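The values are calculated or read from the model by the stated rules, or taken from the named source; none is laboratory data. Computed from a predicted structure; not experimentally measured. Every residue, glycine as well, gets a Cβ built from its backbone with ideal geometry; the counts of neighbours run over all protein chains shown. These area figures cover heavy atoms from the full protein model, side chains too; ligands, DNA and RNA do not enter into them. Shrake-Rupley method; radii C 1.70, N 1.55, O 1.52, S 1.80 Å.
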Amino acid sequence: MAGFTLEELESIVAERGRSGAADSWTAKLFAKGIDKAAQKLGEEATETVIAAVKGDRAGVVAESADLLYHWLVVLALSGVSLAEVLAELEARTGRSGLAEKASRPAG
């Protein structure tokens, strides 16, 4: 899938999520709502961390794919677009990471 983008995956997630198809994991996840989607996102993040700590390169690749997919599901269910997240990242590139972090509200 050379050239496959997160924008393309975002579109696929949105389309399948709205489809209501009985054979679609994405549609089922959308139907279960944000709580389940966020739970799955957390699980995939943890699995990615575990693979990284173990030095399991193939595991990091596979779990990262799951992580990105579930992250896009959470974004969709939250009404947040990938473009909004990328714009936020772009806005942060003009300052150091430490300065950016210090500028965030406590909490």
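Can you give the helix-only mean residue ellipticity at 222 nm for the chain, where every DSSP H stretch with n ≥ 4 adds -39500 (n - 2.57) and the sum goes over all residues, rounded to the nearest 500 deg cm²/dmol?
Working: 6 runs with 83 residues, N = 107.
Helix contribution divided over all residues of the chain: -25000 deg cm²/dmol.
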Lysines near K36 by alpha-carbon distance under 22 Å, same-chain residues fewer than 8 away left out - which ones? K28
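Computing the accessible area with a 1.4 Å probe over protein heavy atoms, can you report the carbon and sulfur percentage for the chain? Show your work: numbers first, answer last.
On the way: 4260 of 7190 Å².
Carbon with sulfur: 59 percent of the solvent-accessible area.
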With everything on Cα atoms, drop me the angle between helix 34-54 and the longest principal axis of the chain, reported from 0 to 90° to the nearest 10. 60 degrees
Computed ³J(HN,Hα) along the stretch 17-28: with the Karplus parameters 6.51/-1.76/1.60, θ = phi - 60°, integer Hz and x for glycine or proline, the list is x, 7, 5, x, 5, 5, 9, 10, 4, 4, 4, 5
Debye intensity ratio I(q)/I(0), log10, the chain, q values 0.16 Å⁻¹ (C-alpha model): -0.89
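On average, how much accessible surface per residue is there in the stretch 51-99, in Å², for a 1.4 Å probe, leaving out ligands, DNA and RNA?
On the way: 3140 Å² over 49 residues.
On a per-residue basis, the stretch 51-99 sits at 64 Å².
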Toy charge model, Lys and Arg Cβ at +1, Asp and Glu Cβ at -1: the stretch 1-100 dipole around Cα centroid in debye, rounded to 20, equals 180 debye
Please provide three numbers in whole Å: the alpha-carbon extents of the stretch 47-90 along the principal axes, with the largest listed first. 34, 23, 12
